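Everything below concerns the one structure shown next.
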Amino acid sequence: MKVFTTGQVAKICKVAPRTVSKWFDSGRLKGYRIPGSQDRRIPREYLIKFLREHGMPLGELEDETTAKVLIVAQDQVLIENLKRELPPERAFKVAIASSGFDAGIQAESFRPDCIVVDFSIGKTEGLQICQHVRRNGEFNEVVLIALLPDDGSSMSFDRSAINETFKKPFDASLLAERIRSLVGARKELV
């Protein structure tokens, strides 16, 4: 369990250490005092909870505590359902791409932890996205999830580049939990 001093919290929050001490002493920021000392310590999960509750930026903690998910889809209902199940208050940050080209641009700037590809955009385009991600060494750790259409056609292809597949229709909350567990294996999601 990682803990912070009031000085470290002040630096993260970009406030004076005295302000952090006031938050602590008033009970708004949870933590503990070092026995035999007046020094305060704030556990990481309490700090993150405090920052989220007060709408403050996570700063340097964001990368290690937020699962960044890139959704490549054109189906607006699907996008809205996934965005509802992957809210910021549950440690998700979502970006949307509607094509393979757009996905490439988004992946470079957004640096996702997980890419969800809806194969309804086209089997060939969906496969190309997955293959390009795997060929790029910078994205070796990215979790790839394919959403396969249930249109009766057989979808036979090499799935070795893909971590997980879901067949439509599916429960968006199950997908969100699967993303949380796959990404959470590498990050400390709160």
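Annotations
- Peptides ranked, highest mean first, by Cβ atoms within 10 Å: ranges 109-119, 161-171: 109-119, 161-171
- Structure note, pairs Lys2/Lys22; Lys2/Lys168; Lys30/Lys93; Lys22/Lys83; Lys49/Lys168: Cα-Cα distances above 31 angstrom occur for Lys2/Lys168; Lys22/Lys83; Lys49/Lys168.
- All Cα pairs of region 39-141, percent lying beyond 19 Å: 50 percent
- Annotation: for a label point projected 7 angstrom from Cα along Cα→Cβ of Phe170, residues of region 88-120 with backbone N closer than 16 Å are 114-120.
- Note that region 115-130 has calculated 3J(HN,Hα) couplings of 10, 9, 10, 7, 5, 5, 6, x, 4, 4, 5, x, 5, 4, 4, 4 Hz, one per residue in order, obtained from phi through the Karplus relation 6.51 cos²θ - 1.76 cosθ + 1.60 (θ = phi - 60°); glycine and proline are x.
- Close amide H pairs (under 5 Å, H built 1.01 Å from N) link Lys168 with Leu148, Asp150, residues at least 5 positions away or on another chain.
- Rounded to the nearest whole Hz, the Karplus-based 3J(HN,Hα) values (6.51 cos²θ - 1.76 cosθ + 1.60, θ = phi - 60°) of region 159-167 follow the sequence 9, 5, 7, 9, 6, 8, 10, 10, 9, with x at glycine and proline.
- Placed amide H near Val143: partners under 5 Å, 5+ positions off or other chain: Cys114, Ile115
- Furthest towards positive pole of dipole, Cys114, Leu78, Leu61, structure part region 1-158, Cβ charges: Leu61
- Debye log10 I(q)/I(0) for region 3-62, one point scatterer per Cα, at q = 0.17, 0.19, 0.22, 0.28 Å⁻¹: -0.48, -0.60, -0.81, -1.34
- For the chain, the dipole from Cβ point charges (+1 on Lys and Arg, -1 on Asp and Glu) about the Cα centre works out to 1120 debye, to the nearest 20.
- Treating r as the C-beta distance of Asp39 and Arg90 and R0 as 30 Å, the FRET efficiency rounds to 0.40.
- Across region 27-35, computed HN-Hα scalar couplings (Karplus, 6.51 cos²θ - 1.76 cosθ + 1.60, θ = phi - 60°) run x, 6, 10, 7, x, 8, 9, 5, x Hz from first to last residue, x flagging Gly and Pro.
- Kirkwood hydrodynamic radius over Cα pairs of the chain, then Stokes diffusion coefficient at 25 °C and 0.890 mPa s, in µm²/s: 133 µm²/s
FYI, it's all coordinate maths here, none of it is from the lab. Quick caveat, the model's predicted, so the values are computed rather than measured. Heads up, the Cβs are rebuilt from the backbone with ideal geometry, glycines too, and the neighbour counts pull from every protein chain shown.
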